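Read the structure below first, then the notes.
Every read-out reported here was derived from the displayed coordinates using simple, explicitly stated rules and does not represent laboratory data. If you're wondering where the values come from, they're calculated on a predicted model, not measured in any experiment. Every residue, glycine among them, receives a Cβ derived from its backbone with ideal geometry; neighbour counts consider all protein chains shown.
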Amino acid sequence: MNINRLILGALLLGTLLLLLAACSTKNERILLVGIHSSKDVVAYNTDQGITDPEAIKKFKTLIESAAPIERKPTGTKLDSDYTVVVNNGKDSTMELGVELWQMEDGTFLIGQPLFGDPQKYSRTNSENSEKLKELLPLEEE
């Protein structure tokens with residue numbers, strides 16, 4: 001296993017644990033979108049966290065409905081554009097963690113699990129990509 005991936009995983013896990021402690025005072029589920037602030041650090045905007053259960057369910061459904069692909073496309077950059085997590089404050093767990101790459105055609109490449117090796121990839125269709133863009137607080141490029 002790549003040592004850089006282990007270090008990144010440890011840093012992300014530490015960040016997630018802090019977020020769980022800080023954001024879960026109401027014991028609720030929260031969906032957070034993060035971006036790479038540096039090579040090994042993902043910064044989450046907790047002010048834009050999504051706590052609506054229906055929105056979280058919709059996000060998970062969109063991720064699950066993405067078409068599996070065999071491997072990460074050649075030329076895709078190493079770091080994802082976004083890291084998205086769904087944390088459950090009541091159980092102090094991360095329900096879901098995925099990496100998202102926004103592709104040139106507007107679709108999303110999805111890598112999961114967040115800390116898994118090997119990562120499995122899937123890709124959204126254009127309709128579901130638009131739904132993800134509407135649902136998530138993504139930064140404009």
Residues whose built amide H sits under 5 Å from the amide H of Lys120, excluding neighbours closer than 5 in sequence, are Gln112
Amide H to amide H under 5 Å from Asn125: which residues, 5+ apart in sequence or cross-chain, H placed 1.01 Å off N in plane?
-> Ala67
What pairs in Lys39/Lys77; Lys77/Lys120; Lys72/Lys131; Lys39/Lys60; Lys58/Lys131 have C-alpha atoms more than 20 Å from each other?
-> Lys72/Lys131; Lys39/Lys60
Could you put Ile35, Ile110 in order, starting from the residue whose Cβ has the fewest other Cβ atoms within 10 Å?
-> Ile35, Ile110
